[in-house]
Structure formats: C-alpha cells, structure tokens
Amino acid sequence: MPHAPSRAGTAGSSGARPPALLPDGVREPPGAAAQRPGTALVTGASSGIGAAVARRLSAEGWRLVLSGRDAGRLAETAAHAAAAVFPEDLTRPAAERRLTRFALDEVGHLDLLVACAGVGWAGDFTTMTRRSFDEVMEVNLLTTLRLVRQVLPHMVEAGSGRVVLVGSLAGAVGVRGEAVYSASKAAVAVFADALRYELRGTGVGVSLVVPGVVDTPFFERRGTPYARTRPRPVPPERVADAVWRAAVRGRDEVYVPAWLRLPARVRGVAPGLYRRLAATFG
C-alpha cells in the first residue's frame, strides 16, 4: 500500500499567483511564471538529485510538493525544505493522478514540475533480466510521461509554467554497458524537444537538464560502482543549480558540467569519428 501523504514546513495551499508586473507591451517568455519563487512539484526527492533540487528551490523561496518511493528519506528531505510530501511508487496504477491531485490541493497550482525520479542498471544487455528491463523503462520514461500528461493541462490552462526533465549524458551519446538506461534517457530527451515544439505559444516551457556522472547513491543502487576515471562525478548540488537556472532563465537545455556538451556535439556533427573515438577510449 502507498504511504499516506504528509505535510512538513509551510507549504500550505494558496490561490493562483497574480501575473508578473512587466512593462506595457512586453510579453513573458514561455515558463516565465517559474522565473520567480512559486510552487513546484519535485519527483525522486527521496535522495540524490531530487533531494538537492528540493533544498535549492526551498532556499530560493519556492513552496514545494515532494514525491519519492522512500518515505523515511523523503521526510528527511522535507525537514530541510519546508515541503508537503507524497510518498509514492509512481509505477503503481494511477499514481501520477493521485500525486497531481495532492499537489494541486496543497499549493493550488503548479508553476514548475521537476522530474528527477530514475533508476539505473549496468551490464551486458543480453544478461539483463526482464524485471530490470521493465523497471528502467518504467521509472525513467513512462512514469515521467504519465506525470507530465497529468500536470501539463493545468499549466496550459493557466498560460504559464515550466517542465524540467532530468536526462543524462548517456541519453545523448550512449554508454557501453548501459544500453537500456541510455535508451530510456534518449527517449526523455526527444520527448522534451517534441513537447517544447508542441507547447509553443502556450506560455509553458520545457527544459532538459543533462548531467554526466553525479555523486549520489545511484551507482550503489544499480549494483555496479562507477569505475571510469572520466568524467569525474559532480555533486548533486551542481545539478540542482542547473535545474534552478533552467527554471529561472527559461533555458531549453543545460549540460552539467557544461563541457559535456562537446561530445554530444561531436557525435551530432561527426558520428563516424565519435564512434571510433568511443570504441577506442570508451
């Protein structure tokens, strides 16, 4: 059974925020409502990137609703982020509907959705079990799309908001030994692009944050430690900073660290060269 939602701190409900005061004739860019502290729903907030995002947004004055599978860790995050919490496994049937309803009941409207929930798996594709295959695709891709589908109509109706999806460099270039994980994150990246085009003119923006290796329990939980020397892991707070920048500045795509955009560009411009280098250097 899912855990009962609870409240911590001061994330009480309120009505819709008045529009920003802008000079006459100046239009807000897509997602502009998320440029000032408002209301946000963060998934995967039990630990890692999601917890760091919650702390960063809370420090900037946002009112938060947090979701994650680990009720105990989620409560710890909320204790430092003044948030309402909804412990839930988003792979359960209709979980995204329950979470969206809870979030709207708590804060009245949503300016920002940050989808951080994710799991990994490493090893040869042929040895991957069906259960692991399904979990990676379900958590990383399908739960995200289902939740966006629930939240988005409310943002479009309000004429403002921003969806921030946390992808991965593995989804931009592919990583040996992580074929299914790479596929799930590549699908998230393409979804972000397609949705951004679809939402043009609605006032709702879409951002994709693309981290490389992040120093979180992610690798412990997937059962295989990170063994490469490069890129070096970055703290989850750096990714949280990128999420905040994406929300505040309306950025479409942010790499963490920024230099990781280079291999993605090389792959796009010279795929043959990139594949030779990847085969040689991993």
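Points worth noting:
- In order through segment 182-199: 3J(HN,Hα) via Karplus (6.51 cos²θ - 1.76 cosθ + 1.60), integer Hz, x for Gly, Pro: 4, 4, 5, 6, 5, 5, 4, 5, 5, 4, 4, 4, 4, 5, 4, 5, 5, 8
- Overall size of segment 67-188 from C-alpha positions, given as principal axis extents largest first: 47, 34, 27 Å.
- Leading residue at positive end of dipole, segment 58-136 (Cβ point charges), from THR127, GLY108, ALA78: THR127
- Candidates per trypsin sites (Lys or Arg not before Pro) in segment 127-186, loop by DSSP, up to 16 other Cβ within 10 Å: ARG176
- Average projection, convex hull of the Cα set of segment 129-195: 4.8 square nanometres.
- P(r) for segment 31-81, from all Cα pairs and a bin width of 5 Å, is 5, 25, 34, 20, 10, 4, 1 %, short bins first.
- Amide H to amide H, with H built 1.01 Å from N, VAL204 comes under 5 Å of GLY31, counting only residues 5 or more places away or on other chains.
- Distant-in-sequence amide H partners of VAL164 (H built 1.01 Å from N, under 5 Å): LEU113, VAL114, ALA115, SER207
- For GLU253, nonlocal amide neighbours, meaning residues 5 or more places apart or on other chains whose placed amide H falls under 5 Å from its own, are LEU208.
Rule-based calculations on the coordinates, nothing more; no lab input. These figures come from a predicted structure and were not determined experimentally. Don't worry about glycine lacking a Cβ; one is built from the backbone with ideal geometry, like all the others, and counts go over all protein chains shown.
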